[in-house]
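Taking it in order: structure first as C-alpha coordinates, then the write-up.
The values are calculated or read from the model by the stated rules, or taken from the named source; none is laboratory data. Quick caveat, the model's predicted, so the values are computed rather than measured. Reconstructed Cβ throughout: ideal geometry from the backbone, glycine too, with neighbour counts over all protein chains shown.
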Amino acid sequence: MMLDKCFVIMPFSQTNEIHTEDYWTNHFSQFLEPLIKENFSFPIKRSTLLRADIVKDIIRDLIFSKFVVADISDANPNVLWELGVRHSFTNGTVVIAEKKSIRPFDISKNPILEYPSINDPNYDIELIKFKRDFFAAISDWKEKPTKFDSPVLEALSGRGTIFEIIFREEIIRKMDGFIQELGYNKFSIAQCIKTILDNQKTFPRMTAPTHRVSTCSAELLITTRYLNEDSAFYTKIINYYSSMNSINGQIALWPQNPNEVQNWFLKTLRKLKDPVEELEQIFNQKRSDLQERI
(Lines give C-alpha, C1' and ligand atoms only; values in the text may rest on other atoms or scores of the structure.)
Protein backbone atom coordinates (compact mmCIF):
# COMPACT_ATOMS: atom_id res chain seq x y z
CA MET A 1 0.00 0.00 0.00
CA MET A 2 1.48 3.34 -1.08
CA LEU A 3 1.75 6.08 1.55
CA ASP A 4 0.74 9.69 0.91
CA LYS A 5 4.26 10.88 1.39
CA CYS A 6 7.07 12.48 -0.62
CA PHE A 7 10.41 11.05 0.37
CA VAL A 8 13.56 13.02 -0.46
CA ILE A 9 16.79 11.11 -1.05
CA MET A 10 19.78 13.41 -0.60
CA PRO A 11 23.12 13.70 1.21
CA PHE A 12 23.04 14.50 4.92
CA SER A 13 26.77 15.17 5.49
CA GLN A 14 29.58 16.96 3.67
CA THR A 15 30.25 15.70 0.13
CA ASN A 16 32.91 18.24 -0.95
CA GLU A 17 34.44 21.54 0.19
CA ILE A 18 31.39 23.56 -0.86
CA HIS A 19 28.65 21.06 -0.11
CA THR A 20 28.96 20.88 3.67
CA GLU A 21 26.46 19.43 6.11
CA ASP A 22 24.99 22.92 6.61
CA TYR A 23 24.73 23.34 2.86
CA TRP A 24 22.62 20.20 2.50
CA THR A 25 20.44 21.14 5.46
CA ASN A 26 19.69 24.52 3.89
CA HIS A 27 19.33 22.94 0.47
CA PHE A 28 16.47 20.85 1.79
CA SER A 29 14.72 23.43 4.00
CA GLN A 30 15.11 26.46 1.72
CA PHE A 31 15.10 24.92 -1.75
CA LEU A 32 13.69 21.42 -2.11
CA GLU A 33 11.01 21.42 0.57
CA PRO A 34 9.34 24.68 -0.60
CA LEU A 35 9.57 23.49 -4.20
CA ILE A 36 7.91 20.18 -3.40
CA LYS A 37 5.20 21.81 -1.29
CA GLU A 38 4.10 23.76 -4.35
CA ASN A 39 3.13 20.42 -5.91
CA PHE A 40 2.12 18.16 -3.05
CA SER A 41 -0.13 18.51 -0.05
CA PHE A 42 1.09 15.37 1.69
CA PRO A 43 4.06 15.21 4.12
CA ILE A 44 7.66 15.51 3.00
CA LYS A 45 10.37 13.47 4.65
CA ARG A 46 14.12 13.66 4.14
CA SER A 47 16.46 10.66 4.25
CA THR A 48 18.83 10.52 7.19
CA LEU A 49 21.95 8.67 8.31
CA LEU A 50 21.61 4.95 7.57
CA ARG A 51 21.96 3.64 11.12
CA ALA A 52 21.36 -0.08 11.58
CA ASP A 53 18.32 0.51 13.80
CA ILE A 54 16.45 2.59 11.21
CA VAL A 55 17.41 0.95 7.92
CA LYS A 56 14.11 -0.97 7.83
CA ASP A 57 12.15 2.26 8.27
CA ILE A 58 14.08 3.93 5.46
CA ILE A 59 13.52 0.96 3.17
CA ARG A 60 9.78 1.14 3.88
CA ASP A 61 9.80 4.84 3.05
CA LEU A 62 11.70 4.15 -0.16
CA ILE A 63 9.29 1.45 -1.27
CA PHE A 64 5.94 2.77 -0.11
CA SER A 65 6.20 6.55 -0.49
CA LYS A 66 4.02 7.68 -3.38
CA PHE A 67 6.70 9.96 -4.75
CA VAL A 68 10.46 10.23 -4.32
CA VAL A 69 12.85 13.04 -5.23
CA ALA A 70 16.47 11.89 -5.46
CA ASP A 71 19.30 14.43 -5.49
CA ILE A 72 22.34 12.53 -6.78
CA SER A 73 24.76 15.49 -6.77
CA ASP A 74 28.32 14.43 -5.92
CA ALA A 75 27.40 10.74 -6.32
CA ASN A 76 26.94 10.20 -2.59
CA PRO A 77 26.99 6.41 -1.86
CA ASN A 78 24.02 6.48 0.52
CA VAL A 79 21.94 8.39 -2.00
CA LEU A 80 22.81 5.97 -4.80
CA TRP A 81 22.03 2.98 -2.59
CA GLU A 82 18.64 4.42 -1.64
CA LEU A 83 17.85 5.25 -5.27
CA GLY A 84 18.72 1.68 -6.23
CA VAL A 85 16.29 0.36 -3.61
CA ARG A 86 13.54 2.66 -4.88
CA HIS A 87 14.11 1.73 -8.53
CA SER A 88 14.04 -1.97 -7.66
CA PHE A 89 10.47 -1.83 -6.36
CA THR A 90 8.38 0.92 -7.88
CA ASN A 91 8.02 3.97 -10.10
CA GLY A 92 7.25 7.56 -9.12
CA THR A 93 10.77 8.97 -8.83
CA VAL A 94 12.33 12.17 -10.11
CA VAL A 95 16.13 12.32 -10.18
CA ILE A 96 17.77 15.74 -9.86
CA ALA A 97 21.35 17.00 -9.61
CA GLU A 98 23.33 20.22 -9.53
CA LYS A 99 24.66 21.12 -12.97
CA LYS A 100 28.14 19.76 -13.70
CA SER A 101 28.19 17.75 -10.47
CA ILE A 102 29.68 14.26 -10.36
CA ARG A 103 27.29 11.44 -11.19
CA PRO A 104 27.78 7.74 -12.02
CA PHE A 105 27.92 6.80 -15.68
CA ASP A 106 24.98 4.35 -15.50
CA ILE A 107 22.64 6.89 -13.93
CA SER A 108 23.75 9.64 -16.31
CA LYS A 109 22.01 7.74 -19.11
CA ASN A 110 18.62 8.28 -17.46
CA PRO A 111 16.67 11.57 -17.31
CA ILE A 112 18.15 13.89 -14.69
CA LEU A 113 16.74 17.34 -14.00
CA GLU A 114 19.58 19.82 -13.42
CA TYR A 115 19.34 22.78 -11.07
CA PRO A 116 21.91 25.62 -11.11
CA SER A 117 24.62 26.08 -8.53
CA ILE A 118 24.47 29.21 -6.40
CA ASN A 119 27.47 30.66 -8.26
CA ASP A 120 25.99 30.13 -11.70
CA PRO A 121 25.97 33.51 -13.55
CA ASN A 122 22.66 32.49 -15.17
CA TYR A 123 21.17 31.26 -11.92
CA ASP A 124 17.76 32.93 -12.27
CA ILE A 125 17.23 31.74 -15.83
CA GLU A 126 18.44 28.21 -15.09
CA LEU A 127 16.29 28.04 -11.96
CA ILE A 128 13.17 28.95 -13.93
CA LYS A 129 13.98 26.20 -16.42
CA PHE A 130 14.58 23.67 -13.64
CA LYS A 131 11.30 24.52 -11.90
CA ARG A 132 9.43 24.22 -15.19
CA ASP A 133 10.93 20.78 -15.82
CA PHE A 134 10.34 19.71 -12.22
CA PHE A 135 6.67 20.71 -12.30
CA ALA A 136 6.26 18.99 -15.69
CA ALA A 137 7.74 15.75 -14.33
CA ILE A 138 5.38 15.77 -11.37
CA SER A 139 2.37 16.56 -13.59
CA ASP A 140 3.32 13.70 -15.86
CA TRP A 141 3.51 11.35 -12.87
CA LYS A 142 0.10 12.48 -11.59
CA GLU A 143 -1.45 11.82 -14.99
CA LYS A 144 0.39 8.52 -15.56
CA PRO A 145 1.35 7.11 -12.14
CA THR A 146 2.23 3.67 -13.58
CA LYS A 147 4.51 5.03 -16.30
CA PHE A 148 8.03 3.63 -16.08
CA ASP A 149 10.66 5.93 -14.61
CA SER A 150 12.59 3.07 -13.05
CA PRO A 151 15.14 1.58 -15.44
CA VAL A 152 15.14 -1.59 -13.32
CA LEU A 153 11.40 -2.22 -13.64
CA GLU A 154 11.44 -1.26 -17.29
CA ALA A 155 14.15 -3.84 -17.92
CA LEU A 156 12.17 -6.49 -16.04
CA SER A 157 8.84 -5.94 -17.78
CA GLY A 158 7.50 -6.49 -21.25
CA ARG A 159 8.64 -8.26 -24.37
CA GLY A 160 12.33 -8.95 -24.87
CA THR A 161 13.19 -7.94 -21.32
CA ILE A 162 14.99 -9.71 -18.49
CA PHE A 163 11.72 -10.96 -16.99
CA GLU A 164 10.63 -12.51 -20.28
CA ILE A 165 14.05 -14.13 -20.79
CA ILE A 166 13.95 -15.65 -17.28
CA PHE A 167 10.36 -16.79 -17.87
CA ARG A 168 11.31 -18.47 -21.16
CA GLU A 169 14.31 -20.18 -19.58
CA GLU A 170 12.06 -21.53 -16.83
CA ILE A 171 9.66 -22.91 -19.46
CA ILE A 172 12.57 -24.47 -21.36
CA ARG A 173 13.72 -26.21 -18.17
CA LYS A 174 10.22 -27.62 -17.68
CA MET A 175 10.09 -28.72 -21.31
CA ASP A 176 13.49 -30.38 -20.92
CA GLY A 177 12.03 -32.35 -18.02
CA PHE A 178 9.07 -33.42 -20.13
CA ILE A 179 11.30 -34.39 -23.09
CA GLN A 180 13.51 -36.42 -20.76
CA GLU A 181 10.41 -38.10 -19.34
CA LEU A 182 9.22 -38.99 -22.84
CA GLY A 183 12.59 -40.58 -23.62
CA TYR A 184 12.48 -42.56 -20.39
CA ASN A 185 8.95 -43.76 -21.16
CA LYS A 186 9.98 -44.89 -24.65
CA PHE A 187 12.69 -46.94 -23.00
CA SER A 188 10.27 -48.37 -20.42
CA ILE A 189 7.76 -49.39 -23.09
CA ALA A 190 10.56 -51.00 -25.09
CA GLN A 191 11.57 -52.95 -21.97
CA CYS A 192 8.02 -54.21 -21.60
CA ILE A 193 8.03 -55.42 -25.19
CA LYS A 194 11.43 -57.04 -24.70
CA THR A 195 10.11 -58.82 -21.61
CA ILE A 196 7.16 -60.17 -23.62
CA LEU A 197 9.45 -61.46 -26.39
CA ASP A 198 11.77 -63.07 -23.82
CA ASN A 199 8.80 -64.69 -22.09
CA GLN A 200 7.64 -66.18 -25.39
CA LYS A 201 11.00 -67.90 -25.67
CA THR A 202 11.10 -69.15 -22.09
CA PHE A 203 7.40 -70.04 -21.68
CA PRO A 204 6.05 -71.26 -19.32
CA ARG A 205 8.70 -69.55 -17.21
CA MET A 206 7.93 -65.80 -17.35
CA THR A 207 9.18 -62.64 -15.72
CA ALA A 208 7.63 -59.22 -15.18
CA PRO A 209 9.30 -55.86 -16.01
CA THR A 210 10.69 -53.74 -13.21
CA HIS A 211 10.40 -50.39 -15.04
CA ARG A 212 7.44 -48.07 -14.65
CA VAL A 213 6.67 -45.12 -16.89
CA SER A 214 6.85 -41.62 -15.42
CA THR A 215 4.04 -39.04 -15.45
CA CYS A 216 5.38 -36.24 -13.21
CA SER A 217 6.25 -33.79 -16.01
CA ALA A 218 2.99 -34.48 -17.83
CA GLU A 219 1.04 -33.86 -14.64
CA LEU A 220 2.91 -30.56 -14.08
CA LEU A 221 2.05 -29.42 -17.61
CA ILE A 222 -1.61 -30.34 -17.25
CA THR A 223 -1.88 -28.71 -13.84
CA THR A 224 -0.04 -25.43 -14.49
CA ARG A 225 -0.63 -25.01 -18.26
CA TYR A 226 2.76 -23.33 -18.55
CA LEU A 227 2.61 -23.51 -22.36
CA ASN A 228 0.24 -21.09 -24.09
CA GLU A 229 -1.54 -23.70 -26.21
CA ASP A 230 -5.14 -24.40 -27.19
CA SER A 231 -7.50 -26.99 -25.70
CA ALA A 232 -6.71 -29.53 -28.45
CA PHE A 233 -3.05 -29.53 -27.40
CA TYR A 234 -3.92 -30.15 -23.75
CA THR A 235 -6.42 -32.86 -24.72
CA LYS A 236 -3.49 -34.60 -26.41
CA ILE A 237 -1.41 -34.28 -23.22
CA ILE A 238 -4.27 -35.57 -21.06
CA ASN A 239 -4.76 -38.59 -23.35
CA TYR A 240 -1.03 -39.31 -23.17
CA TYR A 241 -1.11 -38.97 -19.37
CA SER A 242 -4.04 -41.40 -19.22
CA SER A 243 -2.22 -43.90 -21.44
CA MET A 244 0.89 -43.80 -19.24
CA ASN A 245 -1.20 -44.43 -16.14
CA SER A 246 -2.83 -47.38 -17.90
CA ILE A 247 0.62 -48.83 -18.62
CA ASN A 248 1.59 -48.58 -14.96
CA GLY A 249 -1.69 -50.21 -14.01
CA GLN A 250 -1.02 -53.14 -16.34
CA ILE A 251 2.57 -53.51 -15.12
CA ALA A 252 1.25 -53.74 -11.55
CA LEU A 253 -1.04 -56.62 -12.65
CA TRP A 254 1.69 -58.40 -14.66
CA PRO A 255 2.93 -60.86 -11.97
CA GLN A 256 -0.62 -62.12 -11.25
CA ASN A 257 -1.98 -62.13 -14.83
CA PRO A 258 1.01 -62.25 -17.20
CA ASN A 259 -0.84 -63.64 -20.23
CA GLU A 260 -3.63 -61.07 -20.09
CA VAL A 261 -1.22 -58.18 -19.56
CA GLN A 262 1.08 -59.29 -22.37
CA ASN A 263 -1.87 -59.61 -24.76
CA TRP A 264 -2.98 -56.09 -23.77
CA PHE A 265 0.47 -54.72 -24.55
CA LEU A 266 0.65 -56.45 -27.93
CA LYS A 267 -2.80 -55.21 -28.94
CA THR A 268 -2.17 -51.61 -27.87
CA LEU A 269 1.51 -51.36 -28.78
CA ARG A 270 1.09 -48.76 -31.53
CA LYS A 271 -1.35 -46.75 -29.40
CA LEU A 272 1.28 -46.68 -26.65
CA LYS A 273 4.31 -45.73 -28.76
CA ASP A 274 2.80 -43.25 -31.21
CA PRO A 275 1.71 -40.58 -28.66
CA VAL A 276 5.14 -40.66 -27.02
CA GLU A 277 7.02 -40.23 -30.30
CA GLU A 278 4.61 -37.55 -31.53
CA LEU A 279 4.94 -35.50 -28.34
CA GLU A 280 8.70 -35.93 -28.37
CA GLN A 281 8.81 -34.42 -31.85
CA ILE A 282 6.42 -31.60 -30.93
CA PHE A 283 8.30 -30.65 -27.77
CA ASN A 284 11.73 -30.74 -29.38
CA GLN A 285 10.47 -28.31 -32.02
CA LYS A 286 8.82 -26.01 -29.46
CA ARG A 287 11.95 -26.01 -27.34
CA SER A 288 14.07 -25.13 -30.36
CA ASP A 289 11.71 -22.25 -31.25
CA LEU A 290 11.84 -20.86 -27.72
CA GLN A 291 15.62 -21.13 -27.52
CA GLU A 292 16.02 -19.13 -30.74
CA ARG A 293 13.92 -16.30 -29.28
CA ILE A 294 16.13 -15.79 -26.21
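Structural remarks
- Residue among PRO77, PRO104 that is in the same structural domain as GLN14 (by TED's automatic domain parsing), modelled with pLDDT under 90 and surrounded by fewer than 21 Cβ atoms within 10 Å (Cβ to Cβ): PRO104
Quick grid of which residues meet (1) over 19 Å from LEU266 (Cβ atoms); (2) assigned to a helix (DSSP H, G or I); (3) of a type outside the set (Gly, Ala, Ser):
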{"residue": "ILE138", "(1), (2), (3)": "yes, yes, yes"}
{"residue": "THR146", "(1), (2), (3)": "yes, no, yes"}
{"residue": "ILE166", "(1), (2), (3)": "yes, yes, yes"}
{"residue": "ILE171", "(1), (2), (3)": "yes, yes, yes"}
{"residue": "TYR184", "(1), (2), (3)": "yes, yes, yes"}
{"residue": "GLN191", "(1), (2), (3)": "no, yes, yes"}
{"residue": "ILE237", "(1), (2), (3)": "yes, yes, yes"}
{"residue": "ASN245", "(1), (2), (3)": "yes, yes, yes"}
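- Sole residue being assigned by TED's automatic domain parsing to the domain that holds ALA137 and over 25 Å from the mean Cα position of the chain (by Cα), chosen from PHE89, PHE67, PHE28: PHE28
- Considering ILE251, ILE237, the condition of being β-branched (Val, Ile, Thr), touching a Pro at 6+ places or on another chain (Cβ under 9 Å) and surrounded by 14 or more Cβ atoms within 10 Å (Cβ to Cβ) is satisfied by ILE251 alone.
- Close Cβ contacts (under 7 Å, 6 or more residues apart or on different chains) running from residues in segment 164-176 that are in the same structural domain as THR224 (by TED's automatic domain parsing) to residues that are of a type in the set (Phe, Trp, Tyr) and assigned to a helix (DSSP H, G or I) comprise MET175/PHE283.
- Residue among VAL276, VAL213 that alone is buried (at least 19 other Cβ atoms within 10 Å of the Cβ), assigned by TED's automatic domain parsing to the domain that holds THR195, within 37 Å of the chain's Cα centre (by Cα) and not in a helix (DSSP H, G or I): VAL213
- Condition check for THR146: of a type outside the set (Phe, Trp, Tyr) and in the same structural domain as LEU279 (by TED's automatic domain parsing): no
- Checking SER41 against (1) outside any helix (DSSP H, G or I); (2) polar (S, T, N, Q); (3) touching a residue at least 60 places away in the same chain (Cβ under 8 Å), the condition it does not meet: (3)
- For SER13: the one exception among (1) more than 27 Å from LYS129 (Cα to Cα); (2) part of a helix (DSSP H, G or I): (2)
- For GLN30: the one exception among (1) outside any helix (DSSP H, G or I); (2) surrounded by fewer than 17 Cβ atoms within 10 Å (Cβ to Cβ); (3) polar (S, T, N, Q): (1)
- Flag: LYS271 does not match the condition of being touching a residue at least 60 places away in the same chain (Cβ under 8 Å) and either within 30 Å of PHE167 (Cα to Cα) or in the same structural domain as GLU170 (by TED's automatic domain parsing) (or both).
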